[in-house]
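K.L.:
Got a structure for you, questions after.
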Amino acid sequence: MKKFYVTTPIYYVNDSPHIGYTYTTVAADVLARWNRFIGSPTFFLTGTDEHGAKILESAKKMNREPKEHCDAIAGEFKSAWKKMNISNDDFIRTTDTRHEQTVREFLNKLYTDKKIYKAKYNGLYCVQCERFLVDTELEGGLCPDHKTRPVEQSEENYFFKLSDYRKKLIDIISDGSMGILPEGRKKEILGKLKLGLEDISISRANLPWAIPLPFDEAQTTYVWIDALINYISGCPQNFWPANVHLIGKDILWFHSVIWPALLLAVGLPLPEKIYAHGFFTVNGQKMSKTIGNVIRVEELTDKFGVDATRYLLLSAFPFGTDGDFSMDGLKEKYNSDLANNIGNLVSRVVTMVEKYTEGRIPEGQKSKKLWNELLLIKEHYENLDFNKILDTILKTVDSVNRYIDSSAPWKLAKEKNSKLNDVLSNLCETLWVLAHYLYPIMPQTAQRIWEQLGQAGKIESSNFLLDNKIVFTKVGSVGTEVGSVGKEEIKITRPKIPLFPRLT
Ligand code: MSP
């Protein structure tokens, strides 16, 4: 089985985690959970970006020592991810000794292989972006993203020979040997690369809160070079190259140009895919501290619960595009997709089994595979097509609800018609399969459905995604095909609380 290594960007510790970061992290978690579920050796890395001028400034503002500040905010990220049920295998911090050591080795290699040289540089630096801006990017002299005036910097720095890799980068991006997704982003990067590529400064002369260059202690490492190397310093043996670097579109250039060029320069393999998702605005505005519209994770989890928050983030708009967020919109989606659709289906089926067959999953003819379409989801996971995953789930739930309406089990029960068993056994089987496909997105909900179907243990131990066999397991025994097991043993249990209580 092919291994799977997925990463998120490492987040700046200048601010507490908000839903922008949560968005990327949940998406990566869904991919990691899916890959573990289908049996791939999986490694999922996230972490925090802790050096540089921006962090130093934010520490000063809060009257804290830089390291003390980083510890505090990194702690907040860790607990936010725990709360969101994020299954990262490691959490890398750029202030970790293991990371600093790898950065030194990486830079030393570049230096000894003569990929770095010293030169004078003059430029306009935006501390919030942590990069130099070129004149054509400015709007009225200001950084277009932060609306602040960049500061003029003139110093002698070390430069990485980025321009040497222009042709190679164009080749590997064009022929798809390093994937950039969605397709539109690939075109954007190729377009820029065709215009030219300049060498970049990789050090700073007067910035103490950074990793000193191993070959010149008077200078420190540029924060972006430091940060990108986390993907190597946090990667266990045999997992490199990354299969997916999941990022926001704002940092695509760093990941699709600078990072692969650095890897080529030290002779390491390139990531398989870089996926840049869109950005969301809140009620039509950019999410920012100044505007005061930053949505914290807890605001969503307090209202909707953890699983629904994961679902709502992913379903808010097509992954890869920009979109707007509003609490009203989320509530509407929660009620329609989760309370009325998925939650209601589970409760309908479980209630009927309890009522008509005393909570036992009956034997029945599998006349109709209601869940056939769900099998297509595998491909959507491979393509990181979260929208198609969610669409397929909702469509299936819709058609199962229609199947219930048209087969009217309540009538069949009244008539003591033996077809009732066929319908109910089909429905239980469908919920069983559905729980598997829901698991990566809403792990706790999937587990609850699993338990309501009378299944013991953890749903993630199920082999269904490996062998496509539906095996209903009775508590404390070996699994047997649904229906052929002694009917008494599996007991459907109606939950006391619905999966997704309707919000008013
Ligand atoms: N530290 C760098 C990344 C280094 S990776 C080697 C950085 N950090 S950041 O804290 O600014 O977070 C960037 C990521 O957070 C974005 O790329 C994106 O994944 C996510 N998002 C932050 N705000 C967001 C939105 N408003 N919408 C969607 N994603 C957002 O850049």
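K.L.:
Under 17 Å Cα-Cα from LYS78, which lysines qualify once same-chain neighbours fewer than 8 residues away are excluded?
P.N.:
Of all the lysines, those that pass the test against LYS78 - Cα under 17 Å, at least 8 places apart if same chain - are LYS67.
K.L.:
On a 24 Å Cα-Cα criterion, which of the cross-link pairs LYS2/LYS469; LYS109/LYS161; LYS147/LYS289; LYS114/LYS192 come out too long?
P.N.:
Violating the 24 Å limit, Cα to Cα: LYS114/LYS192.
K.L.:
With only alpha-carbon atoms counted, please give the Rg and Dmax of the stretch 1-130, in Å.
P.N.:
Values for the stretch 1-130 (Cα only, Rg and Dmax): 17.4, 52 Å.
K.L.:
Further, regarding this structure: Please state, rounded to one decimal and in Å, the Kirkwood hydrodynamic radius that the stretch 327-489 gives when every pair of distinct Cα atoms enters the mean of 1/r. Present the calculation step by step, with values, prior to reporting the outcome.
P.N.:
Details: mean 1/r = 0.0610 Å⁻¹.
Computed over the stretch 327-489, the radius equals 16.4 Å.
K.L.:
Based only on other Cβ atoms within 10 Å, what is the fewest-to-most ordering of TRP432, TRP224?
P.N.:
Exposure proxy ranking, most exposed first: TRP224, TRP432.
K.L.:
Something else: Let me see the P(r) profile for the chain: every Cα-Cα distance counted, bins of 20 Å, each bin given as a percent of all pairs.
P.N.:
Per 20 Å bin, starting at 0, the Cα pair percentages come out as 21, 49, 23, 7, 0.
K.L.:
So which lysines can LYS83 reach, going by Cα to Cα under 21 Å and dropping same-chain residues fewer than 8 places off?
P.N.:
Partners within reach: LYS303, LYS331, LYS458.
K.L.:
Also: Would you mind ranking ILE73, ILE291, ILE497 by Cβ crowding within 10 Å, fewest neighbours first?
P.N.:
Values: ILE73 23, ILE291 11, ILE497 7.
So the residues, fewest neighbours to most, are ILE497, ILE291, ILE73.
K.L.:
Let me make sure I get this right: for the stretch 224-381, a, b and c are the square roots of the gyration tensor eigenvalues over alpha carbons, sorted descending. Under 1.5 in a/c it's rounded, otherwise prolate if a/b > b/c, else oblate. Which is it?
P.N.:
It comes out oblate by the Cα gyration axes.
K.L.:
Once the Cα atoms of helix 386-407 and of the chain are each reduced to a long axis, what angle between those two axes, in degrees from 0 to 90 to the nearest 10, is obtained?
P.N.:
Helix 386-407 and the main axis of the chain meet at about 10 degrees.
K.L.:
If you don't mind, there's one more thing I want to ask. Tally the DSSP beta bridges in the chain and give the antiparallel ones as a percent, rounded to 5.
P.N.:
Values: 26 of 50 bridges.
Counting DSSP beta bridges with both partners in the chain, the antiparallel share is about 50 percent.
K.L.:
Mean projection of the alpha-carbon convex hull of the stretch 68-108 over all orientations, in nm²?
P.N.:
The directionally averaged projection comes out at 3.5 nm².
K.L.:
Below 8 Å between Cα atoms, with a sequence gap of 6+, how large is the relative contact order for the chain in percent?
P.N.:
Rounded, it is 14 percent for the chain.
K.L.:
If the rule is a partner Cβ under 4.7 Å, which cysteines in the chain fail it?
P.N.:
CYS70, CYS235, CYS428
K.L.:
Looking at the stretch 221-364 only, what percent of DSSP beta bridges run antiparallel? Nearest 5 please. Working shown, then result.
P.N.:
On the way: 2 of 10 bridges.
Rounded to the nearest five, the antiparallel share is 20 percent.
K.L.:
Which percent of the Cα-Cα distances in the stretch 31-96 go past 20 Å?
P.N.:
In whole percent, the share of Cα-Cα pairs in the stretch 31-96 beyond 20 Å is 40.
Read the figures in this text as sums done on the coordinates, not as results from a lab. Everything numeric here is computed off the predicted structure, so don't read it as measured data. Virtual Cβ from ideal backbone geometry, glycine too; neighbours counted across all protein chains shown.
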